[in-house]
Amino acid sequence: MSAEIIDINSAQPAAPASDKQRVIIFDTTLRDGEQSPGASMTFEEKLEVADMLDELGVDVIEAGFPIASEGDFEAVSAIARRVKNASVAGLARASAKDIDRCGEAVRHARKPRIHTFVSTSPLHMKYKLQKEPSEVLEMVISQVTRARNLVEDVEWSAEDGTRTEHDFLCRCVEAAIKAGATTINIPDTVGYTVPEEYEAIFRMLHERVPNAGKAIFSVHCHNDLGLAVANTLAGLAGGARQIECTVNGIGERAGNAALEEVVMALRTRADVLNYSNGVDSTMLMRASRLVAGVTSFPVQYNKAIVGRNAFAHESGIHQDGMLKNAQTYEIMTPESVGVSKTSLVMGKHSGRHAFKEKLKELGYTLGDNAVEDAFKRFKDLADRKKIIYDEDIEALVDDQIGHSGERIKVEALTVIAGTMGPQTATLTLDIDGQHVTKQAVGNGPVDAIFNAIKALAPHEGKLELYKVHAVTEGTDAQAEVSVRLAEDGRSVTGRGADPDTMVASARAYVAALEKLIARRQKGAPAPITARLKP
Ligand code: KIV
Ligand code: ZN
């Protein structure tokens, strides 16, 4: 490795861009990511994530598993129709029904792909599929052939590929390519492999499979041993040229290889990793925030690239080094992943001017009235909270944007909590300009608040999720609450932020309720409730 000081802003490549080998970035946030317990997204949220991924520059968006549910099918179809640049893939098991449904869902994509898979390891074939290897081989041929009759671009995956016997893996891969598969994925389904072994599998396949040159090989790594990114890079060294990954590394169990980590490893170590890709790294932080927000999966503070501490330096020695030359402790710039340098420290003495500058720095463009509203809320927060972090301001503005155009507002809330009970909430809502108040009891203060809302604005929505997340550390941190309500098989998520968790909870519930109402009303706005009485 060269010891010379490089310009980390441009991450100087070792070879000219034209000599670099292009790798395909296949994002599966909406499929493998969404499959992780608790990470499900609503239809609208999936569209928002798909739009962001397309703008980010990924090559393939795996939009879902169309046979899994009507909702998945609709989401994949809608994404297929709207995505402008990327290929849109759907997942299908090795069955005719799955493949046909998947073909139907991706049909309208500019670049449709069917991704079909079957287990090939002895363990999976014996216990999960209860099939002989010869039967599995037949399934590979017939299902890839079927998929290829529907679309040109077919990916075949050998589920549990890293625990598959090599001879059998070679036979399956050869057969899949012969039947028309254009991409061959060897997933480390259970996150078991290690880099040397994974690299060797791809080398072995390239050496032993006679038609290997006709397909692109793909890596798909799970993070059960924390090796997903390392294994991904090893797969490239072995000859793979497609990377399957997810934003924030979400996915089954310990997750998948994190897109932002893979992309930044390739960019930062371009001197030894001679590959190019189409991702705009300056959008990585935005992508991370969006996915964390819609899934309500917080990003761990020390998460590589997008964690809030990823570019924070606290120790005196580090700060001293940073002031002398940022490269002493920073291997990539915050700007290269879309993080603006923290230049302004905000607090209760900050004025409107500094606040406006901070909003600009954080990427918000608000009208004068919205800035004024946000400034008032910021001042109120600064009176209650010692340190105001960028995240606090973002939560505050996101909360405000999420509530603009609102028909229901939380006007006032008083809560009685504690051991004596009953926990009671007295809530005043502004509904279409009318103030209404209700006192309600509940099984805890949050329940009491939600009961008061239900009494003031009756609805059938069922509470599916209630999640609290502290935006920053400390007991005076802002709480960010997510509430998911379901009605007629569809769900919506509302968010609210405030230093008072109870106020944030009321705001989040009301935001979700607004979305439910908006969804119901296709025509002219109807009265929210027939029972606007205290
Ligand atoms: O991990 C896995 O094996 C998968 C396949 C369906 C590709 O997600
Ligand atoms: Zn997977």
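The values are calculated or read from the model by the stated rules, or taken from the named source; none is laboratory data. Keep in mind it's a predicted model, so treat the numbers as computed, not measured. Counting neighbours? That spans all protein chains shown, and the Cβs are built from the backbone with ideal geometry, glycine included.
Only one of the listed residues (Val279, Val262) is within 17 Å of the chain's Cα centre (by Cα) and part of a helix (DSSP H, G or I). That residue is Val262. Within the range 475-486, being farther than 19 Å from Val291 by Cβ, in a strand (DSSP E or B) and in contact with a Lys or Arg (Cβ under 7 Å, 6 or more places away or on another chain) holds for Leu485, Ala486. In the range 110-132, how many are surrounded by fewer than 16 Cβ atoms within 10 Å (Cβ to Cβ) and within 16 Å of ligand 1 (Cβ to nearest atom)? Total meeting the criteria: 4.
For Asp32, the conditions (1) touching a Gly at 6+ places or on another chain (Cβ under 8 Å); (2) at pLDDT 95 or above; (3) farther than 20 Å from Gly255 by Cα all hold with the exception of (3).
Scanning the range 279-306 for residues that are out of contact with any helix residue (DSSP H, G or I) (no Cβ under 9 Å at 6 or more places or on another chain) and surrounded by fewer than 18 Cβ atoms within 10 Å (Cβ to Cβ) gives Gln300, Tyr301, Asn302. Taking residues in the range 201-212 that are surrounded by fewer than 15 Cβ atoms within 10 Å (Cβ to Cβ), and partners anywhere that are of a type in the set (D, E, K, R), the pairs with Cβ atoms closer than 7 Å and at least 6 places apart or on different chains are Pro210/Glu174; Asn211/Glu174; Asn211/Lys178. Considering each of Val136, Val76 in turn, give the residue that is assigned to a helix (DSSP H, G or I) and closer than 17 Å to Thr28 by Cα. Answer to the selection: Val76. In the range 242-257, the residues that are farther than 17 Å from Thr193 by Cα and away from ligand 1 (no atom under 11 Å from the Cβ) form Cβ pairs under 8 Å with partners that are assigned to a loop (DSSP other than H, G, I, E, B) and among the polar types (S, T, N, Q), at six or more places apart or across chains, as follows: Gly249/Asn223; Ile250/Ser36. Listed by first and then second residue, the pairs with beta-carbon distance under 6 Å, at least 6 apart or on different chains, first residue in the range 220-233 and within 14 Å of ligand 2 (Cβ to nearest atom), second among the hydroxyl-bearing types (Ser, Thr, Tyr) and not in a strand (DSSP E or B), are Cys221/Thr232; Asn231/Thr193; Asn231/Tyr198. Pairs meeting the criteria (first residue in the range 149-175 and free of Cβ contacts under 8 Å to residues at least 60 places away in the same chain and among the polar types (S, T, N, Q), second residue within 10 Å of ligand 1 (Cβ to nearest atom) and part of a helix (DSSP H, G or I), beta carbons under 9 Å, at least 6 apart or on different chains) are Thr164/His124.
Of all residues in the range 218-225, none are surrounded by 16 or more Cβ atoms within 10 Å (Cβ to Cβ), among the aliphatic types (A, V, I, L, M), more than 14 Å from ligand 1 (Cβ to nearest atom) and in a strand (DSSP E or B).
Residues in the range 185-200 that are more than 16 Å from Ala92 (Cβ to Cβ) and either within 16 Å of ligand 2 (Cβ to nearest atom) or without any contact (Cβ under 8 Å) to a residue 12 or more places away in the chain (or both): Ile186, Asp188, Thr189, Val190, Gly191, Tyr192, Thr193, Tyr198.
Only a single item in (1) among the β-branched types (Val, Ile, Thr); (2) in contact with a Leu (Cβ under 8 Å, 6 or more places away or on another chain); (3) within 30 Å of Gly71 (Cα to Cα) is not met by Val481, and it is number (2). If we scan the range 397-405, do we find a residue that is within 31 Å of the chain's Cα centre (by Cα), at positive phi and outside any strand (DSSP E or B)? Yes, there is a match, as at least one residue in the range 397-405 is within 31 Å of the chain's Cα centre (by Cα), at positive phi and outside any strand (DSSP E or B). Restricting attention to the range 378-397, the residues that are buried (at least 17 other Cβ atoms within 10 Å of the Cβ) and of a type outside the set (Val, Ile, Thr) add up to 11.
Which one is surrounded by the fewest Cβ atoms within 10 Å (Cβ to Cβ) among residues in the range 415-438 that are touching a Leu at 6+ places or on another chain (Cβ under 8 Å) and not aliphatic (A, V, I, L, M)? My answer is Gln434. Filtered by the rule that a residue be outside any helix (DSSP H, G or I), crowded, with 19+ Cβ neighbours inside 10 Å and away from ligand 1 (no atom under 16 Å from the Cβ), the range 162-200 gives a lone residue, Gly180.
With respect to Thr246, is the statement that it is at negative phi, within 16 Å of ligand 2 (Cβ to nearest atom) and of a type in the set (Ser, Thr, Tyr) true? For Thr246, the condition - at negative phi, within 16 Å of ligand 2 (Cβ to nearest atom) and of a type in the set (Ser, Thr, Tyr) - is met.
Checked against the criterion of being more than 16 Å from ligand 2 (Cβ to nearest atom) and surrounded by fewer than 23 Cβ atoms within 10 Å (Cβ to Cβ), the range 152-159 contains one or more residues that satisfy it.
Of all residues in the range 52-98, exactly one satisfies the criterion of being in contact with a Pro (Cβ under 7 Å, 6 or more places away or on another chain) and surrounded by fewer than 20 Cβ atoms within 10 Å (Cβ to Cβ), namely Phe73. Every listed requirement among (1) within 13 Å of ligand 1 (Cβ to nearest atom); (2) more than 22 Å from Asp188 (Cβ to Cβ) is met by Glu135 save one, (1). Residue count for the range 18-58 under the criterion of being within 16 Å of ligand 1 (Cβ to nearest atom) and among the small types (Gly, Ala, Ser): the result is 3. Ala265 - would you say it is small (Gly, Ala, Ser), touching a residue at least 12 places away in the same chain (Cβ under 8 Å), out of contact with any Gly (no Cβ under 6 Å at 6 or more places or on another chain) and within 14 Å of ligand 1 (Cβ to nearest atom)? Criteria not met by Ala265.
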